[in-house]
Amino acid sequence: MMPEKGDTDEDTNKDTDGKQSALPVLYARSLHASGIASGMVIPAAAGFGIDKFFGTIAIFTILGTILGVVFGFWQLITIAIKENSK
């Protein structure tokens, strides 16, 4: 039986038209978004924990937030460069 137009080929994640299926693309983008979000939140949470542990003012929370934002933007720029080079 011949596949009909629009059916997916499981080996290549491409439609019979040659276009890439949307599901793997959405999955990859959701992984990128969750990686960026966790990369921004984890340093801030670690800074908060360090501040609580040592009883200091919010200096480590602020440093963690700044570090997380810088890391998040770096990841975002890296992903954008990879997507544009395809």
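The values are calculated or read from the model by the stated rules, or taken from the named source; none is laboratory data. On a predicted model such as this, the values are computed, not experimentally measured, just so you know. Because the Cβ atoms are built from the backbone with ideal geometry, glycine has one as well, and the counts that use them run over all protein chains shown.
Kindly provide the set of residues from region 16-33 that are at pLDDT 85 or above and either closer than 18 Å to Gly72 by Cβ or not in a helix (DSSP H, G or I) (or both), ordered by number. Scanning region 16-33 gives Ala28, Arg29, Ser30, Leu31, His32, Ala33. Scanning region 21-37 for residues that are loosely packed, with under 13 Cβ neighbours inside 10 Å and among the polar types (S, T, N, Q) yields Ser30, Ser34. Looking across region 63-81, the residues that are surrounded by fewer than 14 Cβ atoms within 10 Å (Cβ to Cβ) and either of a type in the set (S, T, N, Q) or more than 13 Å from the chain's Cα centre (by Cα) (or both) come down to Ile66, Val70, Thr78, Ile81.
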